[in-house]
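The values are calculated or read from the model by the stated rules, or taken from the named source; none is laboratory data. A quick note: this is a predicted structure, and the numbers were derived from the prediction, not measured. Positions of Cβ are generated from backbone atoms using ideal geometry, with glycine treated the same way; all protein chains shown enter the neighbour counts. When the accessible area is computed, the model is the full protein with side chains, heavy atoms only, and any ligands, DNA or RNA have been set aside. Shrake-Rupley method; radii C 1.70, N 1.55, O 1.52, S 1.80 Å.
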Amino acid sequence: MTISISRLFVLISLVIFSAHSVSAEVNVYSGRKEALIKPILDDFSKQTGIKVNLVTGNADALISRIKSEGQFSPADVLISADVGRLVRAKQLGITQANADEVIIANVPAYLRDEELHWTALTLRARPIMYAKDRVDPVSLSTMQALTNKEWKNRICIRSSNNVYNQSMISGMIQTQGEAKTLDWAKGLVANFARTPKGGDRDQIKAVVAGECDVAIANTYYLAGMLNADDEATRKTAQQVAVFWPDQDTIGAHVNISGVSIAKYASNLDAAKTLIRFMLTDEAQVWYAETNHEYPVKAGIKWSQTLQDMGTFKGQEVSLAKVGETNAKALMLMDKAGWR
């Protein structure tokens, strides 16, 4: 029987905790919604005996809370749904390095901090989505092409205060520079079908309702709708398809959900054990099958829904730099009139 390195580390950690502490616990501050993280944390507790105390909320608010709590912060682990928040946490000095062999062995270098203050847990892609009945995918090609006149009044996307859009713009700054990115943003704004509002699901619904013909959204939102209990939601999602832009050049924009260890973590060993667990095959499969996110670990099968959306080439820009230029991206979007 074979066993993965990350799984072996978890088992070793379990033996250590069993021998030294019957009341081990870890305090997790999560910017991810409870439903998207608690099931895997419950499995972790069952398998290791380590109690997880979960606090969920807005990522920026949680980061500010950890900063204000200082050395008295109970936080051991910070989980975020965007690299920009993880970079900001490091810049504020509220995280610490975690040079764990499991992370180094399983997470590609461009998906983790150079000093290992944070690491990706999953990948999330942000492609183009289009109305099957009104858009011929042959007419789609690149993100740049969405600024062409043919897309006038046909595009839906969230507002500039959405961190996913900010990271997407940051990625563009890395690949094509500020001037070209600003020109693109101005062209996109000129083709908006409406003033940005709502979340990614709302953009998908707007396409189906005929308010626009294409939208830019994260795939896991569409996947969640396709697998919803509600039949009406499933039928709505089935009218939309995914197009992967820039496949002959830079690739589609990719972001992460990720994790850091808090600077003053009092349950350091438990925190490290949790991160190792989240990089096991078991946890990565759960993310893929339940949350419909792309596993960060190689060799893990995507959910069938994601497979149906097709394979794609993703950008491999430094996510650390993407996070560092988040504020610059927001200012650029403001200049472009993106509200």
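Anisotropy class assigned to segment 53-128 is oblate, per the alpha carbon gyration tensor with a/c at or over the 1.5 cut-off and a/b no larger than b/c. Out of all DSSP beta bridges in the chain, what portion is antiparallel? Express it as a percent rounded to 5. Approximately 65 percent, going by the DSSP bridge assignments. The residues of segment 228-279 have, on average, 39 Å² of accessible surface per residue, using a 1.4 Å probe with all protein chains present. Normalised by the number of residues in segment 261-303, the mean separation of alpha-carbon contacts (under 8 Å, six or more apart) gives a relative contact order of 26 percent. For Cys212, the shell of other residues with beta-carbons less than 13 Å away shows a net charge of +4, using +1 for Lys and Arg and -1 for Asp and Glu. Would you mind classifying segment 256-339 by shape? Square roots of the alpha carbon gyration tensor eigenvalues, ordered a ≥ b ≥ c; an a/c under 1.5 is rounded, otherwise it is prolate if a/b is larger than b/c and oblate if not. Judged from the Cα gyration tensor, segment 256-339 comes out oblate (a/c at least 1.5, b/c at or above a/b).
Shown is the FRET efficiency for Glu34 and Asp334, computed with R0 = 45 Å from the Cβ-Cβ distance and rounded to the nearest 0.05: 0.85.
State in Å² the accessible area per residue of segment 16-155; use a 1.4 Å probe, count heavy atoms of protein chains only, and round to the nearest integer.
On the way: 6410 Å² over 140 residues.
Here the per-residue accessible area is 46 Å².
Considering the options Ala209, Ala223, Thr233, tell which one lies farthest towards the positive end of the dipole of segment 190-239, charges being +1 on Lys and Arg and -1 on Asp and Glu at the Cβ, about the Cα centre. Checking the options against the dipole of segment 190-239, the answer is Ala209. The P(r) of segment 146-234 has a tail past 19 Å containing 43 percent of all C-alpha pairs.
The gain in end-to-end length when the Ala61 to Asp42 segment is fully stretched comes to 4.4 nm, 0.36 nm per residue minus the alpha carbon separation. For segment 135-184, the equivalent ellipsoid built from the Cα gyration tensor has semi-axes of 21, 14, 10 Å, listed from largest to smallest. Projecting the Cα atoms of Ala89, Pro39, Leu121 onto the charge dipole of the chain, computed from C-beta unit charges around the Cα centre, puts Ala89 farthest toward the positive end. Once backbone amide H atoms are built at 1.01 Å from N, Gln96 has Ile261, Lys263 as its partners under 5 Å, excluding neighbours fewer than 5 places away on the same chain.
Mind checking the dipole of the chain: about its Cα centre, +1 per Lys or Arg Cβ, -1 per Asp or Glu Cβ, Debye to the nearest 20? Don't skip to the answer; put the middle values down first.
On the way: 38 positive and 36 negative charges, 156 e Å.
Using only the charged Cβ atoms, the result is roughly 760 debye.
The alpha carbon radius of gyration of segment 214-257, expressed as a multiple of 2.2 N^0.38 Å, is 1.36.
Counting other C-beta atoms within 10 Å, and keeping those with at most 14, which DSSP coil trypsin sites (Lys or Arg not before Pro) do you find in segment 65-166? The qualifying sites are Lys132, Arg134, Lys152.
With loop defined by DSSP as not H, G, I, E or B, and exposure as at most 14 other Cβ atoms within 10 Å, which is the longest segment of the chain clear of exposed GluC sites (Glu not before Pro)?
On the way: sites that count: Glu114, Glu115, Glu316.
The segment 116-315 is the longest one with no such site.
Helix 163-190 and the longest principal axis of the C-alpha atoms of the chain enclose an angle of approximately 10°.
From helices alone, the chain scores -12500 deg cm²/dmol at 222 nm; the rule is -39500 (n - 2.57) for each run of n ≥ 4 DSSP H residues, then divide by the residue total. Does segment 19-89 come out rounded, prolate or oblate by the C-alpha gyration tensor, with a ≥ b ≥ c the root eigenvalues, rounded set by a/c under 1.5 and, if not, prolate when a/b is larger than b/c and oblate if not? Here segment 19-89 falls in the oblate category. The portion of the accessible surface of the chain made up by carbon and sulfur, rounded to a whole percent, is 51 (1.4 Å probe; DNA, RNA and ligands excluded).
Under the convention that each Lys and Arg Cβ holds +1 and each Asp and Glu Cβ holds -1, the size of the dipole of segment 262-339 around its Cα centre is about 380 debye.
With each label modelled as a point 7 angstrom along the Cα→C-beta vector, the Asp308-Ser139 pair spans 2.5 nm.
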